[in-house]
Each structure stands twice: as structure tokens, then as C-alpha cells.
Amino acid sequence: MKTVVILAVCVSAFLGARSDAAPLKASSEKSTVLKTVRHQTMVGKVTAVAAADAKAGTRAELALVDANGRASTFAVSGETAFYTRDWKYATIGTIRNGQTVKVTYRVAKDGMKEALSVSVVQE
């Protein structure tokens with residue numbers, strides 16, 4: 001019986017303390033939500049390969065046309081991984097016009113497609 005009385009006193013004290021507290025208000029601060037970076041892929045024939053030229057201020061780019069005739073240009077950086085058909089590491093210099101490649105990329109805030117990896121599918 002003592003236990004029940006003590007428990008009832010504790011519960012009522014807790015509820016009473018809560019009712020005296022200031023009501024909770026919705027926060028006006030914006031919460032930070034992490035966006036999921038979605039990687040996309042494109043398979044197509046290489047139509048142009050441009051190496052970076054620091055003097056001219058140009059960056060390395062790779063242009064493709066897919067099977068439906070859609071053309072896309074991808075920015076290539078030092079972080080872009082290149083692979084041969086047998087999955088050996090390669091460089092942008094090993095990619096040639098006419099090859100079929102698979103590009104895994106993400107779209108940057110400025111809308112530019114950034115190549116994450118480029119792998120040769122067919123010579």
C-alpha cells in the first residue's frame with residue numbers, strides 16, 4: 001500500500017510540475033536536412049574528349065551521345081576514376097572518340113554534370 005501511495009505522489013508531482021512549465025513552442029529555426037546525393041549513369045559513344053588547359057582556363061570535359069541521340073557533356077576532375085574494359089585503372093588520355101563508355105555522374109548546384117567514374121564498355 002505504501003508503494004502505491006508513493007507512486008501516486010510521484011506521478012502527481014511530475015504532472016503538476018509539467019503543467020506549471022512554459023508551453024512548448026514550435027521552433028522558428030530552420031532545420032538542416034542533408035540531401036541525398038543521387039548518382040546517375042549514362043551509356044553512350046564518346047564524341048569529344050578535352051583535356052584541361054590551365055593557361056586557357058578550360059577544364060577537362062567528356063562529351064557523349066546516347067542511343068536515343070541525347071548529347072551530354074561531363075566535367076572531369078582529378079577525382080574522376082577511369083577504367084578500361086577489363087577494369088584496370090586508366091586516365092582521360094586513354095578515352096577515344098567512338099568508344100562506348102558508361103559515365104557515373106552527379107549534377108552540381110550550377111547544373112554541370114560532374115563525372116565520378118568513366119568505364120569503357122566497348123572499344
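The values are calculated or read from the model by the stated rules, or taken from the named source; none is laboratory data. For clarity, every value in this text was computed on a predicted model and none was experimentally measured. All Cβ positions, even for glycine, are placed from backbone atoms using ideal geometry, and neighbour counts span all protein chains on display.
Considering only the range 79-99, how many residues are loosely packed, with under 10 Cβ neighbours inside 10 Å, closer than 19 Å to VAL65 by Cα and touching a Ser or Thr at 6+ places or on another chain (Cβ under 8 Å)?
Looking only at that region, the number is 0.
Quick one: how many residues across the range 62-99 are of a type in the set (Asp, Glu) and modelled with pLDDT of 95 or more? Quick ask: steps written out before the conclusion?
Just the residues of the range 62-99 that are of a type in the set (Asp, Glu), to begin with: 66, 79, 86.
Adding the requirement that they be modelled with pLDDT of 95 or more leaves 66.
Looking only at that region, the number is 1.
Is it the case that the range 59-66 has a residue that's in contact with a Gly (Cβ under 7 Å, 6 or more places away or on another chain), buried (at least 17 other Cβ atoms within 10 Å of the Cβ) and part of a strand (DSSP E or B)?
Going through the range 59-66, the residues in contact with a Gly (Cβ under 7 Å, 6 or more places away or on another chain) turn out to be 64-66.
In the following step, the residues that additionally are buried (at least 17 other Cβ atoms within 10 Å of the Cβ) were identified as 64.
Retained after the next criterion (residues that are part of a strand (DSSP E or B)): 64.
The answer is yes; a qualifying residue exists.
Take the range 35-51 and flag every residue that is free of Cβ contacts under 8 Å to residues at least 24 places away in the same chain and surrounded by 11 or more Cβ atoms within 10 Å (Cβ to Cβ). Please lay out each step first, then the result.
Applying the first criterion (free of Cβ contacts under 8 Å to residues at least 24 places away in the same chain) to the range 35-51 yields 35-36, 50.
Result: ALA50, single match.
Residue by residue through the range 37-57, note down the ones that are hydroxyl-bearing (Ser, Thr, Tyr) and either closer than 16 Å to SER117 by Cα or in contact with a Pro (Cβ under 7 Å, 6 or more places away or on another chain) (or both).
Applying the first criterion (hydroxyl-bearing (Ser, Thr, Tyr)) to the range 37-57 yields 41, 47.
The one that is hydroxyl-bearing (Ser, Thr, Tyr) and either closer than 16 Å to SER117 by Cα or in contact with a Pro (Cβ under 7 Å, 6 or more places away or on another chain) (or both): THR41.
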